[in-house]
1. Could you say which residue among Ala57, Ala38, Ala65 is under 30 Å from Gly410 (Cα atoms) and surrounded by fewer than 17 Cβ atoms within 10 Å (Cβ to Cβ)?
2. With (1) assigned to a helix (DSSP H, G or I); (2) surrounded by fewer than 22 Cβ atoms within 10 Å (Cβ to Cβ); (3) in contact (Cβ under 8 Å) with a residue 12 or more places away in the chain; (4) not hydroxyl-bearing (Ser, Thr, Tyr) as the list, and Ala317 as the residue in question, which single condition is left unmet?
3. Working carefully through the options Thr245, Thr195, Thr236, find the one that is among the β-branched types (Val, Ile, Thr) and touching a residue at least 24 places away in the same chain (Cβ under 8 Å).
4. Of everything in the stretch 259-286 that's open to solvent by less than 10 Å² (accessible area, probe 1.4 Å) and among the aliphatic types (A, V, I, L, M), which residue is farthest from the chain's Cα centre (by Cα)?
5. Of Phe325, Phe295, which residue is farther than 29 Å from Gly149 by Cα, open to solvent by 10 Å² or more (accessible area, probe 1.4 Å) and of a type in the set (Phe, Trp, Tyr)?
6. Run down Gly402, Gly384, Gly437 and say which single residue is in a loop (DSSP other than H, G, I, E, B) and farther than 24 Å from Ala302 by Cβ.
7. Identify all residues within the stretch 207-254 that are within 28 Å of Glu434 (Cβ to Cβ) and not in a helix (DSSP H, G or I); write none if there are none.
8. Is it fair to say Thr261 is closer than 21 Å to Pro433 by Cα and outside any helix (DSSP H, G or I)?
Amino acid sequence: MTDSAIVQPWYRTLNRTQWNTLLASNLGWVFDGFEAYALILTVGVALRQLLDPSQYAQIPAYAGAIIATTLVGWGIGGMIAGVLADYIGRKRTMILAILIYSIMTGLSAFAWDWVSFAVMRFLVGLAIGSEWVTGTSMTAEIWPDRARGKGIGLFQCGFGIGFFLASFTWLFVGATGPGAWRTMYLIGALPALLTLWIRWAIPESTLWEQSNERRRAARERKRSGAAETLQDRALTRFTLIELFTEPETRRRAIITFLMATSSAVGFWGISSWIPPYVGSVAAKSGLTAAQWASFTGMAYNAGSIIGYVGFGFLADAFGRKPITFFFFAMSLLLTPALFLLTSDLQLLLVIVAVLGCFASGQFTWMSAWLPELFPTRMRATAVGFVFNGPRFLAAIGTLISGALIVKFGGYENACMIVATIYILALIVVPFLPETRGKPLPE
């Protein structure tokens, strides 16, 4: 990089390809965010159509099961996509994920009972996990080292934007009648059109292409009977096995898996219940619960967007490790502030926004830090495993939180129990290396 490039603002050092890659990744994540939050907003309404009235008292438990099913699909799909992206390319996998997501989201609108709804949500989950893996890998590999955190933060905020759009859309669609939830899923089928633009506008990752060429050459040498080097063995070994073969990558995978578990369980076990919680507080004051749930979703996700972007900029300024620790600590401290300190609705919305900044914004650590911890040949596999594997545990956490809500007859105690998971992340964060401004490992 020249001296003139160094003194330029960071955004002027980027080319059209880098911006297009960010836009494609961000839009895919926007639509995934829309779909994920549409489920949170509509699952209760949907279950009132899909369940017998005698089962209405158990709706929180059924809702937990539906969300858990989605998370299981998310975990499986994301790990499969990580492996695929390392073998067939980031771009191809991204296009495939968006197509599957769009088709299955549209089909969710035609569910006829809660089981069919759960099955379709599982298939949607397969695609949501897949899109994040490819978007993260593409952005990390195409954006420059000194601006990678910023690019990742701008990519990650797409999920919050999607959440906000879902809340805003539901504010109007939710008032159209009992079938409004079906309309939300039909709207969620539109992203299929994005794949046409992606095919034209962005290239495949050069780092992946170079790694893939090295892998092909290593396989050819192996087939020809040439002596196998340690590097050749690493390139030809199945990526998921390779991730746990080398001691350092294995150590990093375990630590980041524990951190990702804290993020996933904390989010799905707490944030999923924030809109209905505030809605229940509003209902006690004689206000419309659905309307206040929409207000809550918009407040939470406005804070989330700030958190997603802010994390990336702060991580580039101060480092991945201290900012990740800070976001986990604030998520732990703000949970009791929301559920225990006040019932004033205006103040609740303020706390919801601040909690969203940290509890959702913390997910940027996975986009910003994970790609910098693993080499290109296994990067998507590692990112996919760490980000999506904890979805299985988050699914269990969601089931448990739903059952606890039924047991305690309210949200407060259940969410406080789930919040203790953040302590796990605070313990293990210090054991990872700082990677700010360093080139991606090849």
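1. Ala57
2. Failed condition: (3).
3. Thr195
4. Looking at the filtered set, the residue picked out is Ala282.
5. Details: Phe325 fails: farther than 29 Å from Gly149 by Cα.
Exactly one residue qualifies, and that residue is Phe295.
6. Gly437
7. Matches in the stretch 207-254: Phe244, Thr245, Glu246.
8. On the way: closer than 21 Å to Pro433 by Cα: yes; outside any helix (DSSP H, G or I): no.
For Thr261, the condition - closer than 21 Å to Pro433 by Cα and outside any helix (DSSP H, G or I) - is not met.
The values are calculated or read from the model by the stated rules, or taken from the named source; none is laboratory data. Remember, it's a predicted structure, so these values are computed and weren't measured experimentally. For neighbour counting, all protein chains shown are included, and Cβ atoms are generated from backbone atoms with ideal geometry for every residue, glycine included. With ligands, DNA and RNA removed, areas are computed over all heavy atoms of the protein, side chains included. Shrake-Rupley method; radii C 1.70, N 1.55, O 1.52, S 1.80 Å.
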